[in-house]
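Below you'll find the structure, written out as structure tokens, and then a few comments.
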Amino acid sequence: MVTNTHCFGNHLPQPYFHFQRENDILLIDIVPFHFHTLSLQTSSFYFSRANKQILKHAMKSIFQRKPPILSPRHEFHSQCSSINPQVVCNSSSTREEFMIKILDRRWTLTNPDTKVHQIKVSTLQTQPTSGLLGNVTFSNNSNPSLGENLMEWNNDQSSFYIVRDDLLHPLVNGNKARKLDALLPLVEDHLGTDVVTCGGCQSAHAAAVAVSCAERGINAHLLLRGEQPQILTGYNLISMLYGNVTYVPRSLYANRQKMLTSHAHSISTTVVCLDDLLEASFTNHKSTKSNSQPLNSKKMVIINEGAGDAIALPGVIRLVEYLSRDYVFGKNQRMKIVVDAGTGTTAVGLGIGALCLGLPWEVTAVMLADTIEGYKKKEEHLISELCRCFGLPIMHKGLVHWVQRQHPRKFGNVLKGEIEACQKMAKETGVLVDPIYTLAAWELASQLSQQEKKGGAKVVMLHTGGTLGMFGLAQRYKSYF
Ligand SMILES: Cc1ncc(COP(=O)(O)O)c(C=O)c1O
């Protein structure tokens, strides 16, 4: 029954034992003493030696389990208590049910795996600061110790982990791949023949939709803001090669919803939005593979700008589940997850994932395209849409720390020195970041890694991809290159 016992040593507040049993994790918090189980295809669970009574009861329940054990409080409590103490879920739902509902689906990516690298950060004392991150050097360990060994490593040198989602696909990578992970199978399941979405000329999202749809035989219609450039490059070129591009004057683009809807209706008489498909997949599963849809007719699905829809969240939550596995970061390590925010959807997905899995992870998002009020509204909207579609009763008061960038700027602009900063990181580590999005997350991760040195939280940056954006910037900001 109990197949393995192992003491993790001094770096945990009390000795923990490690037992194995298929598909179960038992987590017992030290204060307050409570436990819960999850069934997430993992084979380990932990308990505190100090609480033999609770443990005895928990073990008994686990091995005789049916129905599943719930936390005695039957509540969702994110362990990021400093930022979201009011997050609760009512008693009818459990984390386990929630995760099954979210993760038990067809996916685009065959598995959620991703590479994790470790960036060491060294401050040069002798050299005067020159430019962005000028007095800091970086080096990359592309094969860091993870799992149990990660717990033993105690930050005596500043470093942060980087989740290399930019390596997922040559053209559909980073958060685009995560957002489309659950989204495209939903379109397929509901016999969508066409999709329409929008973005700027260099939209990584529009290009990712075009490529992924082409891979599945779905027609992608892309409404790109502004005029067609003289020479196409970067994501703009990819969008043109894989999708049906229409350039839309900025005045019309300003009302995105109207623009998307009227374009959709100009192509098909059957137009649906993703949230409706998601909701229908629970209330009317598979029957929306509608018999009423005439053969060879088009069914158009509207995808919002940046895939800022609730169905973009499960793919990000799936990533969090992967990262929390025992052989990656585990579930007990304090983590600060850093991400750059456009619509804010990726950050919210990370926050929900951490909450649902009860992880002591804090999500910090650098605001790049909106105000804090805008991001909070977006967070509230996404959570309520997810809950509405999945029938989940979560109330919330902020899952994400929304922070200003150190050097704020108008969205899409590039400041002097930013290209050089990206160049420096590329040369020193082999990791390419772009000045619009991922540079901001890198800066914050680097800063936090210095603050969290020696016993603090582990810092993890999610690389959200977008590297082809550099081509568009080279065209637009010639003098910087
Ligand atoms: C490379 C990159 N990083 C980050 C983002 C922002 O992601 P989100 O809209 O989920 O905040 C985007 C997208 O729009 C992007 O292209």
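Values in this text are rule-based calculations from the coordinates and carry no lab data. Just so you know, these numbers come straight off a predicted model, no measurement behind them. Reconstructed Cβ throughout: ideal geometry from the backbone, glycine too, with neighbour counts over all protein chains shown.
Give me the number: length gained by fully extending Lys377 to Glu215, i.e. 0.36 nm times residue separation minus the C-alpha to C-alpha distance, one decimal in nm.
So the chain would gain 54.9 nm between Lys377 and Glu215.
Order 245-255, 204-214, 316-326, 425-435 from most to least packed using the mean count of other Cβ atoms within 10 Å.
Working: 245-255: 13.5, 204-214: 26.8, 316-326: 22.5, 425-435: 18.7.
Listed from highest to lowest mean packing, they are 204-214, 316-326, 425-435, 245-255.
Once the piece of chain linking Gln125 and Phe282 is laid out straight, how much longer is it, given 0.36 nm per residue of separation minus the C-alpha distance between them? Could you put the intermediate results ahead of the total?
Values: separation 157, 0.36 × 157 = 56.52 nm, distance 5.85 nm.
Net length gain for the segment: 50.7 nm.
Okay, which of region 427-452 sit inside 14 Å, backbone N to the point 7 Å along the Cα-Cβ direction of Thr137?
Once the point is set 7 Å along Cα→Cβ of Thr137, 427-429 turn out to lie under 14 Å by backbone N, inside region 427-452.
Just grab the label-to-label distance for Ala474 and Lys427, each label 7 Å out from Cα along the Cβ direction, in nm (one decimal).
1.7 nm
In what order do His169, His381 fall by count of nearby beta-carbon atoms within 10 Å, going from fewest to most? Each step should come with its number before you reach the end.
Values: His169 19, His381 14.
Starting with the residue having the fewest Cβ neighbours, the order is His381, His169.
Between Asn296 and Lys416, what length in nm is gained on full extension when 0.36 nm per residue of separation is reduced by their alpha carbon distance?
Values: separation 120, 0.36 × 120 = 43.20 nm, distance 5.29 nm.
Computed gain between Asn296 and Lys416 is 37.9 nm.
When Lys and Arg each count +1 and Asp and Glu each count -1, what net charge do the other residues less than 11 Å away from Asp194, Cβ to Cβ, add up to?
Working: positive: Lys298, Lys299; negative: none.
Local net charge: +2.
Fewest to most neighbouring Cβ within 10 Å: what's the order for Phe282, Phe390?
Values: Phe282 11, Phe390 21.
Going from sparsest to densest Cβ surroundings: Phe282, Phe390.
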